[in-house]
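These notes concern the structure reproduced below.
The values are calculated or read from the model by the stated rules, or taken from the named source; none is laboratory data. Note that the structure is a prediction, hence the values are computed from the model and not measured. Neighbour counts run over all protein chains shown; Cβ positions are idealised from the backbone, glycine included. Please note that ligands, DNA and RNA were not included when accessible areas were found on the heavy atoms of the full protein model with its side chains. Shrake-Rupley method; radii C 1.70, N 1.55, O 1.52, S 1.80 Å.
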Amino acid sequence: MTQSLSHWLLDEAPGSRRQAVLGSLYRGLLAILSNPPGLAGLVIVTVLVLIAIFAPLLDRGISPIAQDLGNRLAQPSAAHWFGTDELGRDIYSRTLYGSRVTLTIVALVSVLVAPIGLAVGTLAGYLGGWVDIVLMRITDVFLAFPRLVLALAFAAALGPGIENAVIAISLTAWPPYARIARAETITIARSDFIQAVVLQGASTWRILLRHIVPLCLSSVIVRLTLDMAGIILTAAGLGFLGLGAQPPTAEWGAMVSAGRDVILDQWWVSTIPGVAIFLVSLGFNLLGDGLRDVFDPKETS
């Protein structure tokens, strides 16, 4: 049965749209599995997702917000695998639940920036003229500022909190996707099949939604995966400065900030969440490289 399913997915002449889509996804998965860096990134990201989902089963019954001032800044031990922080809270448990905050921010930012970037880029690239000029000049304004600095400005204006941090990061992260989508759209719009669709009387919105946007998705997805490390670091930076998740919520950037005053003597307070940020950022970068190898015809040829 497994062989027949594999043969069905790899069929060079799919009989339906569903078979074609599933076959394309299956080939991409096989390509990533055959790419060691991409496979390593996929494993790290999968572990992050599993930890975030099953954190209540992995926390050993220790609440991430439970304080024990009599056991503050305790070294890693059998009772507290990663030690405790300045309020006696278990760092292992807080690191587990911090993955939920990180994954939530990454997911929400991804859901916001990809559609915004695609919409702006495809409209500018296909319509051209004054629409292209206006949209690209707005994009240039956002690109003129360093992302972290601009995110700090938006977060400070909106106020601290996860929701405002997501909005602040999203407002600064969409311009590169608009640039990529615009470049892809300009190339696709000159294709013969687009001209044929125009001659058949298809509307502008139908051409954009049914033909151009799907062809731009692969480049946007690759860029989004590569940018997730930057999104995580920006979120951690906002948390470090107190503009992200607020106490007592466990968030990796805020945990690093809480341990900066005792990093020489109680190194584990900042080091453990810092290592978590590093590993997850590395995982997304490796996965993004693997996806780029899969989707880039220059790499796969």
### Query
Filter the range 131-165 for residues that are closer than 15 Å to Ile232 by Cα and in contact with a Ser or Thr (Cβ under 8 Å, 6 or more places away or on another chain); which is least open to solvent (accessible area, probe 1.4 Å)?
Ala151
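Restricting attention to the range 274-297, does a residue exist that is aromatic (Phe, Trp, Tyr) and modelled with pLDDT under 90?
From the range 274-297, those aromatic (Phe, Trp, Tyr) are 278, 284, 295; that's our starting set.
Now restrict to residues that are modelled with pLDDT under 90: 295.
Yes: one or more hits.
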### Summary
If you go through Val280, Val269, Val256, the only one that is among the hydrophobic types (A, V, I, L, M, F, W, C) and either more than 19 Å from Val106 (Cβ to Cβ) or over 23 Å from the mean Cα position of the chain (by Cα) (or both) is Val269
## Note on the structure
So, first residue of a type in the set (A, V, I, L, M) in the range 20-37, second residue open to solvent by 40 Å² or more (accessible area, probe 1.4 Å), Cβ within less than 7 Å, six or more apart or across chains; the pairs are Ala20/Pro14; Ile32/Leu39; Ile32/Leu42; Leu33/Leu39
### Task
Considering only the range 1-58, give the helices (runs of 4 or more DSSP H) lying wholly within it that have at least 2 residues that are at pLDDT 80 or above and β-branched (Val, Ile, Thr).
36-53
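For every residue, the table says whether it meets (1) under 28 Å from Asn285 (Cβ atoms); (2) touching a residue at least 60 places away in the same chain (Cβ under 8 Å).
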{"position": "Ala189", "(1), (2)": "no, yes"}
{"position": "Leu199", "(1), (2)": "no, no"}
{"position": "Leu215", "(1), (2)": "yes, no"}
{"position": "Ile221", "(1), (2)": "yes, yes"}
{"position": "Leu238", "(1), (2)": "yes, yes"}
### Query
Which one of the conditions (1) within 30 Å of Ile186 (Cα to Cα); (2) over 24 Å from the mean Cα position of the chain (by Cα); (3) open to solvent by 50 Å² or more (accessible area, probe 1.4 Å); (4) not aromatic (Phe, Trp, Tyr) does Leu112 fail to meet, given that it meets all the rest?
(2)
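Pick from Gly88, Gly70, Gly38, Gly83: which is crowded, with 16+ Cβ neighbours inside 10 Å and more than 17 Å from Ala250 (Cβ to Cβ)?
Working: Gly88 fails: more than 17 Å from Ala250 (Cβ to Cβ); Gly70 fails: crowded, with 16+ Cβ neighbours inside 10 Å; Gly83 fails: more than 17 Å from Ala250 (Cβ to Cβ).
Only one candidate qualifies: Gly38.
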### Query
Would a scan of the range 178-185 turn up a residue that is open to solvent by 60 Å² or more (accessible area, probe 1.4 Å), part of a helix (DSSP H, G or I), of a type in the set (A, V, I, L, M, F, W, C) and out of contact with any His (no Cβ under 6 Å at 6 or more places or on another chain)?
no
